[in-house]
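Presented below is the structure to which this report refers.
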Amino acid sequence: MGKIILTGDRPTGKLHVGHYVGSLKRRVELQNSGEFDDIFIMIADAQALTDNADNPAKIRDNIMEVALDYLSVGIDPAKSNIFVQSAVTELTELTFYYMNLVTVSRLQRNPTVKSEIQMRNFETSIPTGFFTYPISQASDITAFKATTVPVGEDQMPMLEQTREIVHKFNSVYGETLVEPQILLPDNKACLRLPGIDGKAKMSKSLGNCIYLSEDEKEVKKKVMSMFTDPDHIRIEDPGKIEGNTVFTYLDAFSNEGHFAEYLPEYANLDELKAHYQRGGLGDVKVKKFLNNVIQEELSPIRARRKEYEKDIEGVYEILKKGTEVAQERAAQTLSEVKHAMKIDYFEDPEFLSEQIKKYK
């Protein structure tokens, strides 16, 4: 069996640099590695509706935004299938069948579900669709027989739940589904990039993001406003690296080439950190360096996006074609699942034979 990737994002807004270092950049590398037979990248609109059911326009308005972000970072429709989740109805049917393999108590113990429920203040009124999100995600992954799922560490409990569902299904109905492996970012700083305000997670809902599509001026404004060490008041004061958002971003984005280009008095990030920690280095200088680094990374992304924005009909066709490919693949898996569960009554000729024999 080939190596297959399934990954995706919820279209609740434009994608940000946290998405980029956490998964998008890696997706492009994996796409271009030649190691994978198929790559499916999902715009998860159905899952986005689980906590936005009263605002479907928000999801509709962001389908194209996310597609443009994908293409702008280098996702190649000739190598990867970009598709819209809700248009692949087989995913919903698979979710329904998998629900019988998971207990309510197991869902309640899922750390990702617990934290997301708390963040959205759903403790007393959890939408059922949101509560069963891990089962829906298992459907998405198994529908394409994904062997590899590149995500951030916050999604590890979700992947573990998918593996449990696969194991349970195969134990009950026979070997049918493929157990996926999680692929985390190599750079630990990329596992969960904090918001510019120093909060633990960059989040659209918290308004602490740097978006991939933002112009140079807006990006600079956000970088220069970043949270640093609150005790580093004067330049000569020793500064802390731990919890300092600027240095976390430098861990995620910078390399020695950036120092040679923009800050040649330092050979690498370790030297910059050491100077900051002993004192004598101001936050403004470090932020200006970070701005140069991020602008260099985002510049080609912005340029590609502008080109794709000139051909929205072409982007629409990319989505449509990718969705058709995804639907065909998911339909095949659904057929195999129903056969394993012995509920493919009208596709299995043995069913009629069995009934005739039974009632003779």
Do you know which of the residues in the stretch 224-259 that are of a type outside the set (D, E, K, R) and without any contact (Cβ under 8 Å) to a residue 12 or more places away in the chain is farthest from I294 (Cα to Cα)? I233
Out of the stretch 228-240, which residues are touching a helix residue (DSSP H, G or I) at 6+ places or on another chain (Cβ under 7 Å) and surrounded by fewer than 18 Cβ atoms within 10 Å (Cβ to Cβ)? P238
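Conditions tested, residue by residue: (1) touching a helix residue (DSSP H, G or I) at 6+ places or on another chain (Cβ under 7 Å); (2) surrounded by 14 or more Cβ atoms within 10 Å (Cβ to Cβ).
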| residue | (1), (2) |
| --- | --- |
| L193 | yes, yes |
| S203 | no, yes |
| G207 | no, no |
| L263 | yes, yes |
| R278 | no, no |
Subset of the stretch 225-261 that is more than 32 Å from the chain's Cα centre (by Cα) and β-branched (V, I, T) - its residue that is nearest to L193 (Cα to Cα): I233
Candidate set from the stretch 172-191 (those that are farther than 30 Å from S225 by Cβ and not in a loop (DSSP other than H, G, I, E, B)); member that is least open to solvent (accessible area, probe 1.4 Å): L183
Specify the residue that is farthest from D54 (Cα to Cα); the eligible residues are those in the stretch 114-171 that are in contact with a Leu (Cβ under 8 Å, 6 or more places away or on another chain), open to solvent by 10 Å² or more (accessible area, probe 1.4 Å) and β-branched (V, I, T). T148
Would you mind telling me which numbered condition in (1) more than 24 Å from K306 (Cα to Cα); (2) touching a Leu at 6+ places or on another chain (Cβ under 8 Å); (3) modelled with pLDDT under 95 D54 fails? (2)
Does Y211 satisfy the criteria of being touching a strand residue (DSSP E or B) at 6+ places or on another chain (Cβ under 9 Å), surrounded by 14 or more Cβ atoms within 10 Å (Cβ to Cβ), in contact (Cβ under 8 Å) with a residue 12 or more places away in the chain and farther than 18 Å from S136 by Cα? yes
Residue count, the stretch 81-98, condition surrounded by fewer than 18 Cβ atoms within 10 Å (Cβ to Cβ) and among the aliphatic types (A, V, I, L, M), comes to 1
Checking the condition of a type in the set (D, E), buried (at least 16 other Cβ atoms within 10 Å of the Cβ) and at negative phi, which residue from D251, D311 passes? D251
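The values are calculated or read from the model by the stated rules, or taken from the named source; none is laboratory data. Values in this document were obtained by computation on a predicted structure and should not be read as measured data. Quick reminder, even Gly has a Cβ in these numbers, built from the backbone with ideal geometry, and neighbours come from all protein chains shown. We work out accessible area using only protein heavy atoms, side chains counted, and drop any ligands, DNA or RNA first. Shrake-Rupley method; radii C 1.70, N 1.55, O 1.52, S 1.80 Å.
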